[in-house]
Structure formats: structure tokens, C-alpha cells
Amino acid sequence: MTLDRSKVWTGDLNTKALEPQPRVTVGLYDTTLRDGEQTVGVVLDPEQKLQIASALSEAGIDRIEAGFPRVSEDDARAIALILDAGLDAEIWGFSRAVRADVEALVELGLTASVIESPISDGKLQALGVSRDTMLERIRSAVSFATEQGIRVAFFGVDSTRADLEFVRRAYEGAVEAGAQEVAVVDTLGIATPEAAAFLVNEVVERLDYEVPVHWHGHDDFGLATAAAVAAVQAGASWVQGTVNGMGERGGNADLVEIALTLEALYGIPTRLRLERARDLSRLVQDLAGTPLAPWKAVTGDNLFTRESGAVAAQFHDPPAIEPYSSELVGARRGIVLGKKSGIDSIRIKVTELGLDVAEERYPDLLEAVKRAGTKKRGLVTDAELRRLARRHATG
């Protein structure tokens, strides 16, 4: 979908600072159903996964990682359901560099999959595996998968903490064995944007710009979106992430947040239907039981809701108080009342609800609203406003 730039009100500072920018469409690879489900306490049944996959596809997500079939029978069943649904998105699997994992992919009829392997010395030592042994496992699993007709993206776990020369050897070895794509992986979310760009550029150059490179990041330091954008600028053509940033610890990169950032701030296109963003977010929240902070970027409840009286005075002019249109992400604008309300807040709400309150009574009604909001330590509901309005309609 082409972004309607008339609904983006960010000024020209970014353009001045960033030009020139890449303009190639970035692919979005969703791993909500696998990495996202690793959120503590979250369990999605196969039917729920199908529901989410359908919504992802309808929203324009390019690829959906449907699950890791060796994990459980439920995961295998979910993958089968999703494959049978005939979605527009490509359906991918997930596998370790283990032959039995790959066989499970083949049995389900998957034709594309990530094949993962740890490549940092810390991970290898924890597993008691040498570098050479792991390289052989990578080559063996990738070559077996490709012989079975599976398109492989090699996924180097903890690559941002690995020895750089071994990173090169691992990715080259995977490509030589048949991997057609690779993923640079910030497993613990430790990469600065500069480090993400550096490592992606190293891999892109090492593979002679011929192999598509993914970026897979986590948000332990709150840098997942920034690192993903930097990775794209350095040559990554795919970004992996989840809806709402679900995942272990601090979560994964939030695909919706990244898509809006790329398109609105950097002018780099994706195929996400941004107007579906909030519906998709709510669906995942409801099914996973993981509510968002109301101030969450892009999909939080508070983004287009105003309590402050100073802001309400400008509510009629969205570009004055918002960086982009609510329509862009399928949201509604609104005024709520409470301790911080002003006269304009009252005027807007009285009109919205069709209340019979004389304008000269607005100051008294405002004071009543402020007292009520302060006393209850929260917002004044529409029903409460109606009761207060009846008392202050004529004095």
C-alpha cells in the first residue's frame, strides 16, 4: 500500500537529515506465532493461531512463521491449518539445524523455513559444541532441507555477540550448503543501531549483495525499532518481528511500529496495510491476554485521546497536536474529561453528546468535572458528565 503522505505531519527535518534513502520495499516477516508465543504465560491454540495468521495476511504481512512443528502436536496442527487456509502471505516454518526438525517440516508440506543455529562462543560453550561441529551441523541441515525442496533462511542465533570471523564463516557455509537467505539475529537485544548497521553491512558485503538478509531483533534495551531501521539502511531487505512486540524478556521488534517508522519517517515502503494496525493489535492482545500500555507507539489507546485542556484548545487542528493522522492507522480521535480538562474540553464534549448546557455555565461545569476527576483519581465518564450537566444546565 502506498502511504498517503498528506496524512503525515512530521515536517522536513528528517528529509534534510536523511537523504538519500533506499527506496526498495522492505519485506515484513512475522513471528508472532512462534517467537511471540514465547511470551511468559502465553499459549495460543491452533484455531487462535489460524485467526491471527488470517489477520496478518489480510493486513499485508509478507511472510508468516507459522510455528516450530517439533515443539508440540498443537504447533504442527496449527501449521497444517494455516497451510490449508490458502492465505496470500507466504507460510514459513522454523527448525533447528537438526535433521529430525527438517523432516517434520517436510511431513507438513512446508516449502520454506528458517533453520537456526547458535553461533556465539557463549552459546556454543553452554551447549558443549565446538565451532567446527556447529558448522558441520549447519551445512548438513541446510543441505538436507534444500534437497527436500525447502527454501532456507539461515538464522544465526546470537550473531550480534559472536566472533565476527566466525559469523562470516557460518553465513558463508550456510549459503554454500544451499541457504537462499540469511537472518542476522540480535537474540538478546544488545545491538545499538550503529552495531546493527555494521553487522548487517558485513554480512551483505561478505555475501556479495546477492543473498537477501533479514534483521531479527529484540527490545531488551528499548532499541528494537531503531536497530531494525538501521539494519534496513545497511542493506537488510527483510525485518522480522511480532505484533505488539510480543516475545521473551523485553519482547521482539514490533513489526507495525517498524513499518510506520520506515514509511512515515524514512520514506521506505512496506506492504503493510497500516489502517489495519490497531485491529490486528487488539486481536492479538485479546487472544494472547497481553494488554498494551495505553501510551504504546502506534497502537496504544492514548495516542489520539486528549484530556489536557491546552491540547483540547487545538483539537480542531490535528496537525498542530499529532504527528500523523489517526486515519492512517485506523484509530479514532477523542476528548476525555478529568482533572486536566479545560473550557474547550467541555465545549467539545457537550457538543459531541448533544447536552443542553448554556455556554455561560461551562466554567461551573468545568469546575465540577475537575473536582469529580480529582476525587475519583480518574476520568469522568460520559454518564457522569450527563449527570453533572443536568445540575449545571441553567444554574
Count of lysine pairs in the chain with Cα separation under 30 Å (8 or more residues apart, or interchain) | 23
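Relative contact order of the chain: what whole-number percent is it, with Cα pairs under 8 angstrom and at least 6 residues apart?
Over the chain, the number comes to 16 percent.
Taking the highest mean first, how do the peptides 255-267, 172-184, 353-365 order by number of other beta carbon atoms within 10 angstrom per residue?
255-267, 172-184, 353-365
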The farthest towards the positive end of the charge dipole of segment 248-388, of the residues Leu337, Ala264, Ala310, given +1 on Cβ of Lys and Arg and -1 on Cβ of Asp and Glu, is Leu337
In deg cm²/dmol, rounded to 500, what helix-only [θ] at 222 nm does the chain give when every DSSP H run of at least 4 residues adds -39500 (n - 2.57) and the total is split over its residues?
-> -12500 deg cm²/dmol
Residue-by-residue Karplus 3J(HN,Hα) for segment 333-341, coefficients 6.51, -1.76, 1.60, Hz, glycine and proline x | 8, x, 10, 10, 10, x, 4, 8, 5
Average accessible surface area per residue within segment 82-206, 1.4 Å rolling probe, Å² = 41 Å²
Under a 5 Å amide H to amide H cut-off, with H placed in plane at 1.01 Å, what residues pair with Leu337 once short-range neighbours are removed?
-> Val380
Could you give P(r) for segment 212-351, binned at 5 Å from zero, as whole percent values over all Cα-Cα pairs?
-> 2, 9, 17, 19, 17, 14, 11, 6, 3, 1, 0, 0
Portion, in percent, of the accessible area of segment 330-395 that falls on carbon or sulfur, probe 1.4 Å | 48 percent
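Quick one: compute a quarter of the convex hull surface over the Cα atoms of the chain and quote it in nm². Don't skip to the answer; put the middle values down first.
On the way: hull surface 86.0 nm².
Result: 21.5 nm².
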Ordering Leu388, Leu164 by how much accessible area each has at a 1.4 Å probe, largest first, what is the list?
-> Leu164, Leu388
Determine, for each peptide in 292-303, 216-227, 20-31, the mean count of other beta carbons within 10 angstrom over its residues, then list the peptides with the highest first.
-> 216-227, 20-31, 292-303
Phi-based couplings in Hz for segment 243-254 (Karplus 6.51, -1.76, 1.60; Gly and Pro marked x) | 6, 6, x, 4, x, 5, 6, x, x, 8, 4, 8
With no solvent and one point per C-alpha, what does the Debye sum give as log10 I(q)/I(0) for segment 223-265 at q = 0.14, 0.27 Å⁻¹?
-> -0.28, -0.94
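The values are calculated or read from the model by the stated rules, or taken from the named source; none is laboratory data. Bear in mind the structure is a predicted one, so any value in this text is a computation, not a measurement. So basically every Cβ, Gly included, is an ideal-geometry build from the backbone, and we count neighbours across all protein chains shown. Accessible surface is based on the protein model in full, side chains and every heavy atom, while ligands, DNA and RNA are left aside. Shrake-Rupley method; radii C 1.70, N 1.55, O 1.52, S 1.80 Å.
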